[in-house]
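Visitor: Dumping the structure here so I can ask a few things about it.
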Amino acid sequence: MKINPDRIKKILCIKPRGIGDIVLSTIILDNLHLHFPNAKIDYLTEHFAKTALMNNPLINKVLTMHKTELPLKVALRIRKEKYDLIIDLWSNPRSAQITFFSGARFRVGYAYRGRKYAYNILGTSGKGKVHSAEHNLELLKPLGIHTFSKNIHYYLGDIERLFADEYFSNNKLNDQIVFGIIPAGGWDSKRCDKIKWVEICKDSIKNFNCKILVLWGPGDESDAEFIKNNLGDDCLLAPKSTLEQMAALISKCNVVIANDSGPMHISAALKVPTLGIFGPTNPKAHRPYSSNSDYVIKEDLFCIICNKLICPYQHECMTELDVNVVTGKIKVLLNEKN
């Protein structure tokens, strides 16, 4: 189907959830703006995930929905916006229904079984073959959009910047080398063991003369306090903060070490040197997506990249991770930054 780019005035991108997934989906924005110069681009996401997008100058407006809201009810709200083009970056049964009833003339989605009815422009899924960020670019190909940018985006608000600036100033961190560590993880199996975190941090302190800043969110309290209590004065426990405030603290770190998580992807989007710790998930598809980032994984383990939410063994992918490998990767990241 041929589309005149000059006649597209309003575009809606749908990505309901997953903070990291939403951040990775912003890889399409630069390319959309170049191809559709007259278009305003909106996003549809769930309420809790709005923070991943709300400061983004590339996005005109963020629409939200409840997780349990009926798709038809959401679609009726969208119809009032009169979108010319909808790109369903999620393409699950629910988002397919929303797209189908949206009233948009052009509807783009993946050619997944049972969902093709919703779209009149189909993209071929590259899922599992490319990084998750680049998977989103597959939906631009049938639109004839050339990929000139592979940047992902996350933008900080002024209030959050001030919060981070004051925290670093009050704790005399501005003249220090600061390593941010993020023990968060959506799955239990993704979370590096707290004892291993202590080993990694002690080795980093010895090799880089750095301060450790533990960045934590809901559910991370126990691990964060354990790490702090075992590192003493060389470690600071970040204050209770919102996701946006955590992102601002991340932006001031020299290096961030993180489990596979949403904050890891935010760190990469902020162009902070980021090292991802992987075990049950495939780093080739989910690693931090930036040129100054890397990952570590115990590749020789028989059960590695198991995709299990809970480890059925002894979590060897984390407990047997070689700290020297972590340190070596950090040295490379710091050298590249300098």
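Visitor: Among (1) hydroxyl-bearing (Ser, Thr, Tyr); (2) surrounded by fewer than 16 Cβ atoms within 10 Å (Cβ to Cβ); (3) assigned to a loop (DSSP other than H, G, I, E, B), which single condition is residue 112 missing?
Guide: With respect to (1) hydroxyl-bearing (Ser, Thr, Tyr); (2) surrounded by fewer than 16 Cβ atoms within 10 Å (Cβ to Cβ); (3) assigned to a loop (DSSP other than H, G, I, E, B), residue 112 is out only on (2).
Visitor: I'd like to check something: does region 155-175 contain any residue that is within 21 Å of the chain's Cα centre (by Cα), assigned to a loop (DSSP other than H, G, I, E, B), of a type in the set (D, E, K, R) and surrounded by 16 or more Cβ atoms within 10 Å (Cβ to Cβ)?
Guide: No: zero hits.
Matching residues to (1) modelled with pLDDT of 95 or more; (2) more than 17 Å from the chain's Cα centre (by Cα):
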| position | (1), (2) |
| --- | --- |
| 22 | yes, no |
| 27 | yes, no |
| 33 | yes, yes |
| 36 | yes, yes |
| 42 | yes, yes |
| 65 | yes, yes |
| 68 | no, yes |
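Visitor: Next question. Considering region 273-295 alone, what residues qualify as being aliphatic (A, V, I, L, M) and surrounded by fewer than 24 Cβ atoms within 10 Å (Cβ to Cβ)?
Guide: Just the residues of region 273-295 that are aliphatic (A, V, I, L, M), to begin with: 275, 277, 285.
Selection gives 285 alone.
Visitor: Name the single residue, out of those in region 82-107 being among the aliphatic types (A, V, I, L, M) and in a loop (DSSP other than H, G, I, E, B), that is nearest to residue 8 (Cα to Cα). Lay out the reasoning, then the answer.
Guide: Going residue by residue through region 82-107, those that are among the aliphatic types (A, V, I, L, M) are 85-87, 89, 96, 98, 104.
Next, only the ones that are in a loop (DSSP other than H, G, I, E, B) stay: 89, 104.
Working: 89: 18, 104: 11 Å.
Once the filter is applied, the top-ranked residue is 104.
Visitor: Any idea which of 277, 266 is touching a Cys at 6+ places or on another chain (Cβ under 7 Å), under 19 Å from residue 19 (Cα atoms) and outside any loop (DSSP other than H, G, I, E, B)? Can you show your working first?
Guide: On the way: 266 fails: touching a Cys at 6+ places or on another chain (Cβ under 7 Å).
Step by step, each of 277, 266 is checked, and only 277 is touching a Cys at 6+ places or on another chain (Cβ under 7 Å), under 19 Å from residue 19 (Cα atoms) and outside any loop (DSSP other than H, G, I, E, B).
Visitor: I'm told residue 185 meets every condition in (1) touching a Lys or Arg at 6+ places or on another chain (Cβ under 7 Å); (2) surrounded by fewer than 19 Cβ atoms within 10 Å (Cβ to Cβ) except one. Can you identify the failing condition by its number?
Guide: Every listed condition holds for residue 185 apart from (2).
Residue by residue, here is whether (1) touching a Phe, Trp or Tyr at 6+ places or on another chain (Cβ under 6 Å); (2) at pLDDT 95 or above holds:
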site: 98; (1), (2): no, yes
site: 109; (1), (2): yes, yes
site: 119; (1), (2): no, yes
site: 127; (1), (2): no, no
site: 136; (1), (2): no, yes
site: 140; (1), (2): no, yes
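Visitor: More than 15 Å from the chain's Cα centre (by Cα), basic (Lys, Arg), farther than 25 Å from residue 163 by Cβ and surrounded by fewer than 22 Cβ atoms within 10 Å (Cβ to Cβ) - does that describe any residue in region 234-243?
Guide: Start the filter on region 234-243 by keeping residues that are more than 15 Å from the chain's Cα centre (by Cα), which leaves 234-242.
Going one step further and asking which of them are basic (Lys, Arg), we end up with 240.
Filter once more, so that each one left must be farther than 25 Å from residue 163 by Cβ: none.
So far as region 234-243 goes, no, none of its residues is more than 15 Å from the chain's Cα centre (by Cα), basic (Lys, Arg), farther than 25 Å from residue 163 by Cβ and surrounded by fewer than 22 Cβ atoms within 10 Å (Cβ to Cβ).
Visitor: Kindly list the number of the only condition in (1) assigned by TED's automatic domain parsing to the domain that holds residue 15; (2) surrounded by fewer than 16 Cβ atoms within 10 Å (Cβ to Cβ) that fails for residue 148.
Guide: (1)
Visitor: Of all residues in region 166-189, count the ones that are out of contact with any Gly (no Cβ under 7 Å at 6 or more places or on another chain) and either outside the structural domain of residue 287 (by TED's automatic domain parsing) or touching a residue at least 60 places away in the same chain (Cβ under 8 Å) (or both). Steps first, answer last, please.
Guide: The initial filter retains those residues of region 166-189 that are out of contact with any Gly (no Cβ under 7 Å at 6 or more places or on another chain), namely 166-183, 185-188.
With the extra rule that they be either outside the structural domain of residue 287 (by TED's automatic domain parsing) or touching a residue at least 60 places away in the same chain (Cβ under 8 Å) (or both), the set shrinks to 167-168, 171, 173, 177-183, 185-188.
Qualifying residue count, region 166-189: 15.
The values are calculated or read from the model by the stated rules, or taken from the named source; none is laboratory data. These numbers come from a predicted model, not from an experiment. So basically every Cβ, Gly included, is an ideal-geometry build from the backbone, and we count neighbours across all protein chains shown.
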